[in-house]
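Nothing in this text is a laboratory measurement; each read-out follows from the coordinates by a stated rule. Owing to the predicted nature of the structure, the values given are computational and were not obtained by experimental measurement. Note that each Cβ is placed from the backbone with ideal geometry, even for glycine, and that neighbours are counted across all protein chains shown.
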Amino acid sequence: MIQIIIDKNDQNKRLDNYIKKYLNQAPLSLIYKLFRKKDIKVNKKPAKPDYITQLGDEITIYISDTDLHKKQQIAVSSRKSFDIIYEDDNIIIVNKPIHLLVHEGQNENEETLTQQVLHYLIQTNQFDPAKENTFIPALAHRIDRNTSGLVVFGKTHLALQELFHAFSSHESVDKRYLALVAGCLTNDGNIEVPLRKEENKKLVFVDKNGLYAKTEYRVLATYQDCSLIEVHLLTGRTHQIRVHMKYIHHPLVGDFKYGNEQTDKLAKKYQMNNYFLHAKQITFKNFTNTLAYLNQKTFTAPLYEWQKLLLKRLEKEN
């Protein structure tokens with residue numbers, strides 16, 4: 001028999017999903033058999049799979065094989081290549097450099113931003129894996145490896161739930177990016193064309209049968225052969241900025257996946273081995289629960305030194 005008391009990071013979860021994470025060595029067939037036989041109880045009463053856990057609930061699992069629960073292995077990295085922009089008991093917002101994955105990808109040996117942040121939280125006694133049944137702090141959204149800027153992590157389950165909803169619905173988060181694009185843009189504009197992700201997920205295309213996507217941009221500066229723009233994302237499709245700017249024939253300088261001969265030449269001219277795309281600003285709004293205190297707060301990530309030097313050079317040569 002296993003008994004669990006639901007703490008703050010185990011509450012507000014579907015019971016079956018929680019049991020799957022807790023009995024992480026058990027087959028799904030066994031877990032649902034336990035439900036059918038009423039061998040999973042909440043506060044001494046048989047519980048249904050869709051029950052939502054509450055703080056202080058006593059979960060009892062009538063099973064003899066306790067080896068079906070194994071503490072999650074957490075990969076961490078002691079390197080700290082990010083800067084902290086904001087932090088409180090519920091969230092941490094960091095400024096990510098380029099060339100760093102936000103989370104584990106196909107190469108399990110590659111260091112990630114998540115590993116670095118988890119190490120920081122453990123070292124500062126804000127997260128103790130030994131005291132958690134299933135919860136691990138996590139990022140609430142993603143940005144590409146070669147995009148720099150703001151990334152938000154949830155430190156508690158309730159905060160992470162609210163952040164997930166905010167970033168997926170786009171109703172409570174306003175995101176702004178800085179991008180350096182090829183050619184001289186003179187007018188602000190918006191791009192509203194659907195995008196489709198290729199089956200292998202490596203490329204994204206404009207496709208009338210794809211998912212709705214909308215991007216607004218504002219011209220901040222025009223140089224000899226490129227422009228600095230501020231981009232406002234109204235949807236959050238994969239590679240949205242890069243593909244939308246390609247669609248209007250102003251791809252990102254140094255974008256070797258969605259660029260062209262012109263962007264390759266500009267990248268060589270300005271000694272860029274990566275495109276310039278920086279998640280510069282996040283404004284929170286319309287939160288109603290745990291994170292309501294963040295409403296109307298704006299957080300900004302400063303540019304990295306290589307980005308500042310590049311813009312100075314462009315201004316000087318203009």
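To the nearest 20 debye, what is the magnitude of the charge dipole of the chain about its Cα centre, counting +1 on the Cβ of each Lys and Arg and -1 on the Cβ of each Asp and Glu?
500
Could you tally the net charge around residue 118, taking each other residue with its Cβ under 13 Å from the Cβ of residue 118, Lys/Arg +1 and Asp/Glu -1?
So the surrounding residues net to -1.
For helix 305-317, report the angle its Cα long axis makes with the longest principal axis of the Cα atoms of the chain; keep it between 0 and 90° and round to the nearest 10°.
Tilt of helix 305-317: around 20 degrees.
Sort the following peptides by mean Cβ neighbour count (other Cβ atoms within 10 Å, averaged over residues), highest first: 169-177, 61-69, 225-233, 122-130.
Averaged packing, sorted descending, gives the order 225-233, 169-177, 61-69, 122-130.
Give a residue-ordered list of calculated ³J(HN,Hα) values for the stretch 91-99 (Karplus: 6.51 cos²θ - 1.76 cosθ + 1.60, θ = phi - 60°; whole Hz; x for Gly, Pro).
Each residue's phi maps through the Karplus curve to give 9, 9, 10, 10, 9, 8, x, 6, 6 Hz.
Which semi-axes, in whole Å and largest first, does the equivalent ellipsoid of the stretch 2-68 have when worked out from the alpha carbon gyration tensor as the square roots of 5 times its eigenvalues?
For the stretch 2-68, the semi-axes come out at 17, 12, 11 Å.
Give me the angle, in degrees from 0 to 90, between the Cα long axis of helix 157-169 and the longest principal axis of the Cα atoms of the chain, rounded to the nearest 10.
40
Excluding residues fewer than 8 places away in the same chain, name every one of the lysines whose C-alpha is closer than 24 Å to that of residue 37.
Residue 37 reaches 13, 20, 21, 45, 48, 70.
Show the residues, 5+ positions off or on another chain, whose built amide H is closer than 5 Å to the amide H of residue 91.
Close amide H contacts, sequence-distant or interchain: 155.
Please turn the phi angles of the stretch 245-256 into ³J(HN,Hα) values with the Karplus equation 6.51 cos²θ - 1.76 cosθ + 1.60 (θ = phi - 60°), one per residue in order, whole Hz, x for glycine and proline.
5, 5, 4, 9, 6, 9, x, 5, 5, x, 8, 7
Using only the Cα atoms of the chain, build the gyration tensor, take square roots of its eigenvalues as a ≥ b ≥ c, and label the shape rounded, prolate or oblate: rounded if a/c is under 1.5, else prolate if a/b is larger than b/c, else oblate.
prolate
Name the long-range amide H neighbours of residue 214: under 5 Å, sequence gap of 5 or more, or other chain; modelled H, no Pro or chain starts.
234, 235
In whole Hz, what ³J(HN,Hα) sequence does the stretch 150-156 give by Karplus (6.51, -1.76, 1.60; θ = phi - 60°), x for Gly and Pro?
6, 9, 10, 10, x, 8, 10
Determine the dipole magnitude for the stretch 212-298: charges of +1 sit on the beta-carbon of Lys and Arg, -1 on that of Asp and Glu, nothing else is charged, the reference point is the Cα centre, and the result goes in debye to the nearest 20.
The calculated dipole for the stretch 212-298 is roughly 180 debye.
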